[in-house]
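Here the structure is laid out as structure tokens; the discussion comes afterwards.
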Amino acid sequence: MDQSNQDHVIGLPGRYALSLFELAQEEEKKDLVDDIDQELLVIGDVINSNSDLSAVIKSPIFSSSEQLSLMTEILEKIGSNSLINNFISVLCKNGRLPLLPQIIKAFHAYLLELKKKATAKITIAKPITDSQKGDIEKILSDHFALEVDIKVEVDEEILGGLIVQMGSKMIDTSLLTRLKSIKNVMNEA
């Protein structure tokens with residue numbers, strides 16, 4: 001498994017994700033794994049965008065039945081697949097709901113590995129064109145021998161250059177890092 005995907009699939013979250021992944025592959029519906037992945041990503045976005053929900057999921061104060069009740073409401077609003085409903089029910093009953101965000105990442109990593117894909121986060125100082133984004137994707141795809149999808153984040157504080165993060169690998173060519181490096185060298189002199 002590629003290192004960029006492997007970071008998310010270790011430990012207990014990885015085992016839960018693998019179980020769900022294998023269950024989805026056993027079903028007769030052809031695109032079920034992709035559908036499950038998309039629904040999980042939506043659930044992950046809902047959790048990330050709602051700090052109260054995130055707190056309920058992670059807090060040991062709430063019982064598993066309270067967590068299950070809340071998650072059932074959310075899953076009904078989303079209209080999620082019965083496999084996901086059952087899976088999240090098992091997580092709640094086993095007291096593993098706090099692992100859900102990590103499980104979602106691990107499931108997505110398994111799917112990317114299956115499709116020989118990876119995701120890279122690119123931090124840049126100013127927005128780039130679609131053509132520039134395509135060039136960066138091609139360079140990374142050629143280098144890692146995978147189809148790389150990039151997520152672009154603009155952070156003006158880096159001043160220039162870019163930071164590429166793919167799993168545990170990071171390439172930092174930002175002007176801010178270079179300036180800090182020069183400052184450290186000058187302080188040592």
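The values are calculated or read from the model by the stated rules, or taken from the named source; none is laboratory data. None of these values were measured; they are calculated from a predicted model. Please note: Cβ atoms are built from the backbone with ideal geometry, for glycine as well, and neighbour counts cover all protein chains shown.
Annotations
- Close pairs (8 angstrom Cβ cut-off, 6 or more residues apart or separate chains): under 24 Å from Leu175 (Cβ atoms) and touching a residue at least 40 places away in the same chain (Cβ under 8 Å) in the range 110-138, assigned to a strand (DSSP E or B) and of a type in the set (Lys, Arg) anywhere: Ala120/Lys151; Lys121/Lys151; Ile122/Lys151
- Taken together, Leu162, Leu179, Leu175, Leu100 contain a single residue that is under 30 Å from Gln25 (Cβ atoms) and either touching a strand residue (DSSP E or B) at 6+ places or on another chain (Cβ under 7 Å) or of a type outside the set (Lys, Arg) (or both), which is Leu100.
- Scanning the range 8-24 turns up one or more residues that are touching a His at 6+ places or on another chain (Cβ under 9 Å), within 25 Å of Ile150 (Cα to Cα) and not in a helix (DSSP H, G or I).
- Restricting attention to the range 155-189, the residues being surrounded by fewer than 16 Cβ atoms within 10 Å (Cβ to Cβ) and part of a helix (DSSP H, G or I) number 15.
- Unique match (being buried (at least 19 other Cβ atoms within 10 Å of the Cβ) and at pLDDT 90 or above) among Ile74, Ile128, Ile124: Ile124
- For the range 20-33, a residue qualifies if it is surrounded by 13 or more Cβ atoms within 10 Å (Cβ to Cβ) and of a type outside the set (Gly, Ala, Ser), and the qualifying residues are Leu20, Phe21, Leu23, Glu27, Leu32, Val33.
- Within the range 138-154, restricting attention to residues that are of a type in the set (A, V, I, L, M) and farther than 9 Å from Ala118 by Cβ, the residue that is surrounded by the fewest Cβ atoms within 10 Å (Cβ to Cβ) is Ala145.
- Selection status of Ile104, among the aliphatic types (A, V, I, L, M), surrounded by 12 or more Cβ atoms within 10 Å (Cβ to Cβ), touching a residue at least 40 places away in the same chain (Cβ under 8 Å) and within 19 Å of Val33 (Cα to Cα): yes
- Selection count, the range 50-97, where residues are β-branched (Val, Ile, Thr) and under 17 Å from Asp35 (Cβ atoms): 3
Here is a yes/no grid of residues against (1) under 18 Å from Leu18 (Cα atoms); (2) assigned to a helix (DSSP H, G or I); (3) of a type in the set (A, V, I, L, M, F, W, C):
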position	(1), (2), (3)
Asn85	yes, yes, no
Cys92	yes, yes, yes
Pro101	yes, yes, no
Ala109	yes, yes, yes
Ala120	no, no, yes
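- For beta carbons closer than 7 Å, sequence separation of 6+ or different chains, a first residue in the range 169-189 that is in the same structural domain as Ile124 (by TED's automatic domain parsing) and a second that is part of a helix (DSSP H, G or I), the qualifying pairs are Lys169/Gln3; Lys169/Ser4; Ser174/Ile158; Leu175/Ile158; Leu176/Glu157; Leu176/Ile158.
- Test: residue in the range 15-23 that is over 20 Å from the mean Cα position of the chain (by Cα) and outside the structural domain of Glu147 (by TED's automatic domain parsing): yes
- Filtered residues of the range 35-80 (kept if part of a helix (DSSP H, G or I) and either of a type in the set (Ser, Thr, Tyr) or not assigned by TED's automatic domain parsing to the domain that holds Phe107 (or both)): Ser49, Ser51, Ser54, Ser64, Ser65, Ser69, Thr72
- Condition met for Ile128 (among the β-branched types (Val, Ile, Thr) and assigned to a helix (DSSP H, G or I)): no
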